[in-house]
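The values are calculated or read from the model by the stated rules, or taken from the named source; none is laboratory data. As the structure is a prediction and not an experimental result, all values here were calculated from the model. A quick note on method: Cβ atoms are made from the backbone with ideal geometry, for glycine too, and the neighbour counts reach across all protein chains shown.
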Amino acid sequence: MPDRSHRVAARYAAQRRKKKSLHHAQGQSLSAFRASDTPIIEPGPSKSQLATEYRYVGRDLRRIGIVAGGMFVILIVLTLALG
């Protein structure tokens, strides 16, 4: 069994080394990043577009609240009846 644990430990150590080297390489590439290379951020959708796209969310949240409230009432009734 010690051989298996050594293999597992070696595999995890190799993964850590790989992750550290990737993290270190990203840090170096970010230092070479110039301000002229920054991407232009475009504005997202307007509030009216979002409101029309997600108009069903309020109904769904209300329905979820009603179901959750009903479940709590059932739990309380069962606790009082069986307890």
- Message: Any residue in region 1-22 that is among the aromatic types (Phe, Trp, Tyr) sitting within a Cβ distance under 6 Å of a residue that is assigned to a helix (DSSP H, G or I)? List the pairs, counting only those 6 or more apart or interchain.
- Response: none
- So which helices (runs of 4 or more DSSP H) are wholly in the chain and hold at least 2 residues that are at pLDDT below 85? 2-31
